Amino acid sequence: MATMSRTNTSSSAQFDSKQHLNSYIITVIFFLSLSSISFGYTGAIIATTLTQPSFHKHMKLDTNPNATALISAINGLFYTGGAIGSFLAGWTSSRYGRKWSAVVGNVIILVAGGCLTASVNPAMFIVFRFFCGVGAFQLLASIPLWLAEVAPPKMRGIVTDCHAVMMLLGYTIACYVGVGFYFDSGENQWRGPIGMQMVFPTIVLCGLYWMPESPRFLLSKGRAEEAWRVVRRMHSNPNDPVAEFAKREFYQMRKQIDLDNTFATSYLGIFKDKSLRKRAVMTIFLEFCLMSSGILVILNYGSIIWRNMGFDTVQVLNFQGGFQLTGFVFNVVAMLFVDRVKRNWLMVVGFVSCATVMSCHAALQKYYVASTERGGLIADATMIFLFQTVYSLFLDGPTFFYIAEIWPSHVRSQGFAIGMATLSLTAMLWLEVAPQAFEDVGWKLYLAFVAIPIVGAITIALYFPDTHQKPLEEIAALFGDADRVAVYQRELDSSHMPLDVIEQSIPNLTATSSGGVETGDSTTKSDGADEIEKI
């Protein structure tokens, strides 16, 4: 292999400045995030469906004495399927890759969505709502992981937050589609919004073939040449004509994954290893606290909450749409600062803020929910929207990128599956309990959504390490595993490791007289990604 030497050195600051989002990776991030819309729409459409009078009439929920139990099952079985889908994603992501895991999730949503649309009774609806949960959480446990692994370290929070933004966009679309179909006459008006959940999986499946696989997965399977082509194209930068950042990042990835592969383990092995067990406990604890903030109860049972406050059906539908639109807007705002704030303190502020707002909501529910005092009801509605605001600003993103960051590459898909399964099972717990709890204890249910986040904030402040802007390959050191870090980014500076040494780890790399890089049978010019061979 020919190598290319460099006589002039660059500082770490210069190396870091070469982290770059080019047009290719932006396109990839956007397209992958369309699956996040699929998850959001599939998860949220039930909220507006349960508000549709035609659905209640068709499923006889307006006369069935077991209507509350059936509604709980419709929501609960979705998240039961979610737990299965999370672990299915952990297996498919690890064995076949992030791309194939996304294919499986979208196919399941597409097929189950069609059957759900054709449901003729509550039993059929509940069964295929379960399969929708399997597919949706297959995506939830795959897409943020995929995004985190293709993102440059200093932009990983922003890139992974695209999942939360697009997920909220899916929620918002679902709500406003529900509003639109409410004004459609006919006994099957509820089928239209349900059927539209097949749109985004269809779009994604038509384009996934052209999406790059995670280079970390490719390296873990010994496919180094493919991994290099992906990394080179993702980090193509006119200001980095010799692809220095891509080469140094690839070198760190390859060395780390070669080391990590010697530690490959199972789910049982995770709980036997002290360091991995700590990560598992942190993952389970964080996801439990996040889902015990009350966010999914408000999302899925908004029709009950808003009706109990005295609003009519049209107002309820618009409130639900506004609630999700608020989440979408403030998730976009969060992208401006998530990579500027320490991860642990971001979550602490979020939990404390959510608990504070939820306590105000509980107090207002106690005194005004059954009253005609319009001022109190407006104040309570404001608290619900403020809750969505602070959750979106501080907690929606960490739900995904913090979990992806703390796990090493050889068990990242399994660790992420543990997180999403915990999310699903916790959501199932609250969604099964909530309808009956609203009837039995009313506003007191919200006190749990105050206490648990406070415990979460204290625990995170004391025990959770900050991972922001750290390469995924170096985070093991934060857990006392310095011996499991193959190479640190500071060692990749040219003053420590010349570029020609780095290049020896890159397959089929040859120098060109123009400073371009030839990989395999295609030549990469120094001025951009558009001239790199199709991956």
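The values are calculated or read from the model by the stated rules, or taken from the named source; none is laboratory data. In this text, all values refer to a predicted model and were calculated from it rather than measured experimentally. Reconstructed Cβ throughout: ideal geometry from the backbone, glycine too, with neighbour counts over all protein chains shown.
Brief remarks on what is shown
- Of the residues making up segment 294-326, those that are part of a loop (DSSP other than H, G, I, E, B) and either modelled with pLDDT of 95 or more or not hydroxyl-bearing (Ser, Thr, Tyr) (or both) number 5.
- Some residue of segment 107-122 being in a helix (DSSP H, G or I), among the small types (Gly, Ala, Ser) and under 16 Å from Gln138 (Cβ atoms): yes
- Contacts under 7 angstrom Cβ, first residue in segment 230-258 being within 19 Å of Pro498 (Cα to Cα) and modelled with pLDDT of 85 or more, partner of a type in the set (S, T, N, Q) and part of a helix (DSSP H, G or I), 6 or more apart: Gln252/Gln489; Gln256/Ser409
- Exactly one residue out of Gln256, Gln189 is touching a helix residue (DSSP H, G or I) at 6+ places or on another chain (Cβ under 8 Å) and buried (at least 23 other Cβ atoms within 10 Å of the Cβ): that is Gln256.
- In this entry, Phe385 passes the filter for residues that are in a helix (DSSP H, G or I), aromatic (Phe, Trp, Tyr) and over 30 Å from Thr262 (Cβ atoms).
- Filtered residues of segment 178-215 (kept if at pLDDT 90 or above and of a type in the set (D, E, K, R)): Arg191, Glu213
- Any hit, segment 317-339, residues being among the charged types (D, E, K, R) and touching a residue at least 12 places away in the same chain (Cβ under 8 Å): yes
- Whichever residue in segment 360-388 is among the polar types (S, T, N, Q) and surrounded by fewer than 17 Cβ atoms within 10 Å (Cβ to Cβ) and, among such residues, is nearest to Leu286 (Cα to Cα): Thr382
- All conditions in (1) basic (Lys, Arg); (2) touching a residue at least 12 places away in the same chain (Cβ under 8 Å); (3) farther than 25 Å from Leu447 by Cα hold for Arg277, with the sole exception of (2).
- Only listed residue being part of a helix (DSSP H, G or I) and over 20 Å from Phe394 (Cα atoms), chosen from Ala461, Ala437, Ala457, Ala451: Ala437
- Some residue of segment 408-415 being outside any helix (DSSP H, G or I) and either within 26 Å of Ala44 (Cβ to Cβ) or of a type in the set (Gly, Ala, Ser) (or both): no
So that you can scan it fast, the table gives a plain yes or no per residue for (1) within 27 Å of Ala112 (Cα to Cα); (2) in contact (Cβ under 8 Å) with a residue 24 or more places away in the chain:
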position	(1), (2)
Gly192	yes, no
Gly195	yes, yes
Pro201	yes, yes
Met211	yes, yes
Ala227	no, yes
